[in-house]
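Asker: Would you mind keeping the following structure in view while I ask a few things?
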Amino acid sequence: MAAALTMRAATLHAADIEVIHFDMLYKSFGVRGLEFSDRLKNLANKTVAIKGYMAPPLKPESQFFVMTREPLAICPFCQSDADWPLDIIVVYLKQASAMISAGTAIDVTGTLALGSYRDAETGFVSQLRVIDATYRKSR
C-alpha cells in the first residue's frame, strides 16, 4: 500500500511538470520582432523540465549556468539583450553546484521566468530563465 501511494504521489508530481523544448520557445517574428510562443507565455511561473547542454561555465562551481540546445564552446553572455541568442536559457539553481562538461546532456527542472532581467551580481542580461532549478545528467 505504501509503495502504491509513493508511486501515485510521484506520478501526480510529474504531472505538474510541463516538458518544454527549445523549438517551442518563440513564435515567428511579428510586428514587435521576436516574441515568446503562446504556450511558453502560458507556462510562465510554472514548473517546467527541459533537456539541453550546460554552456562553458565562468567558474567551476556556481549557482547559475546557461543551458543550450546544442553543446556550445563560447560564452553566451557576450551578447546584449537585443542580440540574445534564441537557443539558450539561463538556469538559476536552488543551490551552488559543480558544473559539468559542456558536451554532457542534462535535464533541468525549475520555475519558468520570462522577460528581460539583469542579474544584480553579474550584470548578465537574459530573456528567459529557469529559477529554483535542479539538474541531472540525461539518461
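Asker: Hey, what did segment 87-139 get for relative contact order, percent, Cα under 8 Å, at least 6 apart?
Answerer: So the answer I get is 49 percent.
Asker: Using θ = phi - 60° and the Karplus relation 6.51 cos²θ - 1.76 cosθ + 1.60, list the HN-Hα couplings for segment 99-112 in order, rounded to whole Hz, with x at every Gly or Pro.
Answerer: Calculated HN-Hα couplings, in order: 7, 10, 4, 4, x, 9, 5, 10, 10, 10, 10, x, 8, 7 Hz.
Asker: Another one. Hey, what do the phi angles of segment 17-25 turn into as Karplus ³J(HN,Hα) couplings, whole Hz, using 6.51/-1.76/1.60 and θ = phi - 60°, x for Gly and Pro?
Answerer: 9, 8, 8, 10, 10, 4, 6, 10, 6
Bear in mind that the values in this text are calculations on the coordinates, not laboratory data. In this text the structure is predicted, and so the values were computed from the model without any measurement.
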